[in-house]
Amino acid sequence: MPGSVLLLRQQEGESRLDPYVQCFSGANLSAVSLPVLQFEYVNLKRLAEKLQAVVRYAGLVVTSQRGVEAICQALKLLPADCNAIAEWSKLPVFVVGQATKTITESKLGFSCQGAASGNSENLAARIIEYFVDCDSRHLLFPCSNIKKETLPTLLLEANIPLDCLTVYRTAPHPDIHRSLQTIKNTGVPDLTVFFSPSGVAFALPALQELGILPAHTKVGE
């Protein structure tokens with residue numbers, strides 16, 4: 001009998017086509033995805049204004065797929081004859097993660113750097129190396145309301161100004177508890193997989209309350 005895996009993330013399309021579901025299925029594990037986060041886009045008008053003022057910036061930093069989606073929505077607010085995309089495509093675009101790189105390239109057409117960085121420290125090192133003695137303009141950083149300060153701090157210490165703008169808010173999904181109760185009713189999963197620190201913060205208390213995970217659970221990286 002295959003083991004079961006609970007994936008605390010939004011499923012990508014049909015279950016049978018989801019890459020995580022396919023991967024676990026190949027290992028004789030049955031995986032189910034459950035969204036634990038919801039997102040609200042904010043400050044899109046301000047983001048549109050910054051995107052239009054491309055001459056003020058030396059590049060763009062995007063560390064999440066939601067950041068890319070915010071940019072796409074903001075671009076729709078610009079005049080039809082605005083050539084912001086073409087101008088931004090001439091500048092360096094730094095990302096973290098293959099998924100963010102893929103969606104940035106497919107939706108915006110930008111060539112990206114830093115996808116393999118893995119974390120903010122490594123991305124900061126990549127950016128600092130790129131901009132050594134060559135530019136003093138800001139980098140635009142559309143981000144979440146709960147972003148970590150690691151990247152801004154490291155770049156500031158290297159005298160690279162980062163223009164941070166909150167473009168989406170991360171909050172717990174309203175159906176977390178009810179959905180987890182349904183999962184428990186069908187059997188406690190053998191493995192539970194978190195996909196972000198905010199997912200841990202919002203879902204772990206409910207998982208422990210319902211007995212899906214022990215009260216003293218340690219989350220591994």
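The values are calculated or read from the model by the stated rules, or taken from the named source; none is laboratory data. Since the structure is predicted, the reported quantities are computational estimates derived from the model, not experimental observations. Neighbour counts are summed over all protein chains in view; Cβ atoms, including those assigned to glycine, are modelled from backbone coordinates with ideal geometry. For accessibility, only protein heavy atoms count, side chains too; no ligands or nucleic acids. Shrake-Rupley method; radii C 1.70, N 1.55, O 1.52, S 1.80 Å.
Considering only 101, 45, 76, the mean-square fluctuation computed in a Gaussian network model of the chain, springs between alpha carbons under 10 angstrom, is largest for 76.
Distance between the 7 Å Cα→Cβ label points at residue 77 and residue 12: 2.9 nm.
Note on the stretch 1-156: with charges restricted to the Cβ of Lys and Arg (+1) and Asp and Glu (-1), its dipole about the Cα centre is near 220 debye. When the chain is treated as a Gaussian network with alpha carbon springs shorter than 10 Å, the biggest mean-square fluctuation among 47, 34, 162 belongs to 34.
With R₀ fixed at 25 Å, the C-beta to C-beta distance from residue 182 to residue 145 puts the FRET efficiency at about 0.30. Taking 7 Å steps out from each Cα toward its Cβ at residue 133 and residue 198 produces label points 4.0 nm apart.
Tell me which GluC sites (Glu not before Pro) from the stretch 1-98 have a DSSP coil assignment and no more than 15 other beta carbons within 10 Å of their own. Filter output for the stretch 1-98: 12, 14. Dividing the mean sequence gap of close Cα pairs (under 8 Å, 6+ apart) by how many residues the stretch 61-125 holds gives a relative contact order of 36 percent. Sorted largest first, the spans of the alpha carbon positions of the chain along the three principal axes are 58, 39, 31 Å.
Within the shell of other residues whose beta carbon sits under 14 angstrom from the beta carbon of residue 44, the net charge comes to +3, with Lys and Arg scored +1 and Asp and Glu -1.
GNM on the chain, alpha-carbon springs under 10 angstrom: the most fluctuating residue among 183, 103, 71 is 183. Solvent-accessible surface of the chain, averaged per residue with a 1.4 angstrom probe and all protein chains in place: 55 square angstrom.
A straight line joining the Cα centroids of the stretch 146-221 and the stretch 86-112 runs 25 Å.
If R0 equals 45 Å, the separation of the Cβ atoms of residue 190 and residue 153 corresponds to a calculated FRET efficiency of about 0.70.
Across the accessible surface of the stretch 54-156, with the other protein chains kept in place and a 1.4 Å probe, carbon and sulfur atoms take up 51 percent. Here residue 101 is the anchor, and the aspartates and glutamates within straight C-alpha reach of less than 13 Å, apart from those fewer than 8 places off in the same chain, are 69.
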